[in-house]
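To start, the structure itself, in structure tokens.
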Amino acid sequence: MIEVRNLVKTFGAFTAVNDVSFSVAEGEIFAFLGPNGAGKTTTIKMLTTLLHPTSGSIRLDGLDPLKQQNEARKKFGIVFQDPSLDGDLTAAENMEIHGVLYGVPHKVRRQRTEELLKLFELWDRRDEQVKKFSGGMKRRLEIARGFLHTPRILFLDEPTLGLDPQSRNQLWTHVKKVNEAEKVTVFLTTHYMDEADRVAHRIGVIDHGKLVTQGTPTEIKEQTGTTTLEDAFLKLTGETIRDESASSTDMMRQFAKMWSGGKR
Amino acid sequence: MRAIYILWLRELKRYARSRSQVIASLGQPMLYLLVLGFGLGSVFQKAGMGSYLQFIAPGIIGMTVLFSSIFSGLGLLWDRQFGFLKEMLVAPVPRLEIMIGRTLGGMTVSVIQGMLVLVIALIVGFRPVSWWHLPIAIGFMLAISLVFAALGVAIGSSLQDMQGFQLIMNFLVMPIYFLSGAMFPLAGQGWPLKIATRIDPLSYGIDGMRAVLLGSSTFSPVLDIAVLICVGAVLLVFGAYRFSKIEI
């Protein structure tokens with residue numbers, strides 16, 4: 001379902017993704033693990049047409065996201081790592097725009113919006129502006145929105161960041177459900193190794209832009225001679241802490257916080 | 001088509017919900033209209049040019065439409081920053097439709113702003129030569145908003161963050177306003193200023209509004225509308241191209 005060959009992305013002198021190749025079969029849940037700044041999000045951005053690779057090839061369900069952008073975009077849904085909601089609109093309106101953009105028919109849209117907002121306990125607050133929501137509620141809304149249409153491939157970029165255990169449990173149960181019932185291929189990243197161990201069929205570990213290893217959770221543990229995925233991960237990627245430099249977007253957020261006074 | 005509609009609606013909803021912004025954005029045109037309109041009135045009259053309020057009102061309406069439409073395009077920067085741009089860019093909708101929806105929304109909002117200023121001008125004493133000309137004046141507002149909403153999208157797609165914003169404001173938006181003849185007649189300047197004012201697309205928009213509202217103009221209203229539509233079309237194509245190239 002996802003075929004990646006020799007993918008490279010450089011930003012100036014810095015190589016964010018360095019010759020990465022992997023494939024994800026249809027109906028598989030694939031976890032992409034790595035420390036901060038390892039190249040996970042850059043890879044997802046290239047897979048989802050937001051960024052052009054420097055070199056290498058990508059196929060999503062046989063489509064080239066570089067040349068057949070719109071056809072490729074129809075195949076997937078994505079929950080981003082950082083916020084992507086419109087704070088001036090209400091929860092229901094955010095869901096509606098998403099549904100319209102993805103061509104979900106009116107009736108299905110209303111019905112699924114209700115189901116999903118109830119599932120993620122946002123139904124009572126559906127007519128409130130999103131900017132009044134807490135961090136956890138916004139996160140839940142993003143996830144609910146990601147499930148509004150049924151894509152062939154679902155990208156989840158650190159979906160559980162900032163979620164309480166209840167919501168996390170709800171999320172993974174739902175991911176497993178759509179994966180089993182509708183054969184949706186799932187490509188996820190997370191920093192919680194226990195989640196990856198529990199949900200993923202296969203795992204790829206990336207560090208410094210290079211794919212270190214891939215295989216089932218059991219294979220990876222056997223490979224490294226460890227009992228938990230966390231230990232295996234530390235053994236593969238070392239114990240030094242990584243720092244990501246602040247991107248221009250982060251700096252702009254700071255700037256906006258100073259000047260907008262929460263206008264949006 | 002539905003994508004264009006929903007993104008147009010989004011712009012209107014955002015506008016309707018930011019009441020403080022609506023009022024704030026009317027403050028500046030009111031200041032110009034009232035202080036300059038009445039302040040310079042007697043000097044203008046002595047120079048034999050008639051009422052300055054009559055003269056400046058179409059200019060201030062043009063200014064309002066200029067600011068409002070160019071900022072709607074630059075609003076892409078906010079969408080980029082708050083992440084909603086990503087949501088739009090990964091959607092299975094041609095980017096052209098997304099750009100058109102946003103631009104139409106921005107145009108609608110700026111024409112509404114322009115009409116609000118027109119109403120204020122009417123309240124403080126501005127009188128058009130004929131009330132039947134008001135719809136044509138609104139047509140000119142629409143043409144002005146097309147030019148600058150498209151320009152705003154082109155710039156908003158090219159900037160990565162807010163740091164370029166002041167630069168755009170001081171070296172593009174303000175010159176467009178000051179060189180447009182919004183505040184002074186376009187006839188009788190030296191050649192450098194004459195050339196500069198003829199390059200500025202807003203000159204034609206304001207001249208066109210003066211033609212229909214006051215019955216006197218420097219160029220012909222047909223030339224005015226033709227220039228606006230041509231420049232608007234070119235900028236729209238350019239804006240759509242820049243928008244299609246956005247990477248995050």
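The values are calculated or read from the model by the stated rules, or taken from the named source; none is laboratory data. In this text, all values refer to a predicted model and were calculated from it rather than measured experimentally. Ideal geometry is used to build each Cβ from the backbone, glycine not excepted, and the neighbour counts take in all protein chains shown.
Do any helices (runs of 4 or more DSSP H) lying entirely in the range B:1-78 carry at least 2 residues that are within 14 Å of another protein chain (Cβ to nearest Cβ), exposed (fewer than 15 other Cβ atoms within 10 Å of the Cβ) and over 17 Å from the mean Cα position of the chain (by Cα), and which ones are they?
On the way: elements: B:2-17, B:19-31, B:41-46.
Output list reads B:2-17, B:19-31.
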*Filter the range B:80-106 for residues that are in contact with a Gly (Cβ under 9 Å, 6 or more places away or on another chain), more than 8 Å from every other protein chain (Cβ to nearest Cβ) and of a type outside the set (S, T, N, Q) and give the result.*
B:MET99, B:ARG102, B:GLY106
*Filter result for B:MET141 (in contact (Cβ under 8 Å) with a residue 40 or more places away in the chain and either more than 14 Å from every other protein chain (Cβ to nearest Cβ) or outside any helix (DSSP H, G or I) (or both))*: yes
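Give the residue that is surrounded by the most Cβ atoms within 10 Å (Cβ to Cβ), with candidates limited to residues of the range A:177-218 that are more than 13 Å from A:GLU230 (Cα to Cα) and either of a type in the set (Lys, Arg) or free of Cβ contacts under 8 Å to residues at least 12 places away in the same chain (or both). Spell out the reasoning first.
Going residue by residue through the range A:177-218, those that are more than 13 Å from A:GLU230 (Cα to Cα) are A:177-189, A:199-202, A:204, A:206-216.
This time we only want the ones that are either of a type in the set (Lys, Arg) or free of Cβ contacts under 8 Å to residues at least 12 places away in the same chain (or both), so: A:177, A:180-181, A:183, A:202, A:210.
Details: A:LYS177: 12, A:GLU180: 11, A:ALA181: 9, A:LYS183: 12, A:ARG202: 19, A:LYS210: 15.
Looking at the filtered set, the residue picked out is A:ARG202.
Checking the conditions here, which among A:ASP197, A:ASP250 is over 24 Å from A:ARG5 (Cβ atoms), of a type outside the set (A, V, I, L, M, F, W, C) and at pLDDT below 90? Give the derivation first.
On the way: A:ASP197 fails: at pLDDT below 90.
Selected residue: A:ASP250, the only one of A:ASP197, A:ASP250 that is over 24 Å from A:ARG5 (Cβ atoms), of a type outside the set (A, V, I, L, M, F, W, C) and at pLDDT below 90.
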*Kindly indicate whether any position in the range A:142-164 is over 15 Å from the mean Cα position of the chain (by Cα), at pLDDT below 90 and either of a type in the set (Lys, Arg) or over 28 Å from B:MET99 (Cβ atoms) (or both).*
yes
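Here is a yes/no grid of residues against (1) under 30 Å from B:ARG95 (Cβ atoms); (2) polar (S, T, N, Q); (3) more than 19 Å from the chain's Cα centre (by Cα):
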site	(1), (2), (3)
B:THR197	no, yes, no
B:PRO201	yes, no, no
B:VAL212	no, no, no
B:SER220	no, yes, yes
B:ILE225	yes, no, no
B:VAL231	yes, no, no
B:VAL234	yes, no, no
B:VAL237	yes, no, no
*Take the residues in the range A:36-92 that are part of a loop (DSSP other than H, G, I, E, B), within 7 Å of chain B (Cβ to nearest Cβ) and at pLDDT below 90, then tell me which one is surrounded by the most Cβ atoms within 10 Å (Cβ to Cβ).*
A:PRO83
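Being under 22 Å from A:ALA91 (Cα atoms) and either out of contact with any Ser or Thr (no Cβ under 8 Å at 6 or more places or on another chain) or not aromatic (Phe, Trp, Tyr) (or both) narrows it down to one residue among B:LEU53, B:LEU7, B:LEU66, B:LEU33; which is it?
Working: B:LEU53 fails: under 22 Å from A:ALA91 (Cα atoms); B:LEU66 fails: under 22 Å from A:ALA91 (Cα atoms); B:LEU33 fails: under 22 Å from A:ALA91 (Cα atoms).
Within the list B:LEU53, B:LEU7, B:LEU66, B:LEU33, the selection yields B:LEU7.
Could you please find all residues in the range B:188-217 being within 14 Å of B:PRO58 (Cα to Cα) and surrounded by fewer than 20 Cβ atoms within 10 Å (Cβ to Cβ)? Even if it seems obvious, please write down each step before you answer.
Within the range B:188-217, the first condition is being within 14 Å of B:PRO58 (Cα to Cα), and the residues that meet it are B:202-217.
Answer for the range B:188-217, where residues must be within 14 Å of B:PRO58 (Cα to Cα) and surrounded by fewer than 20 Cβ atoms within 10 Å (Cβ to Cβ): B:LEU214, B:GLY215, B:SER216.
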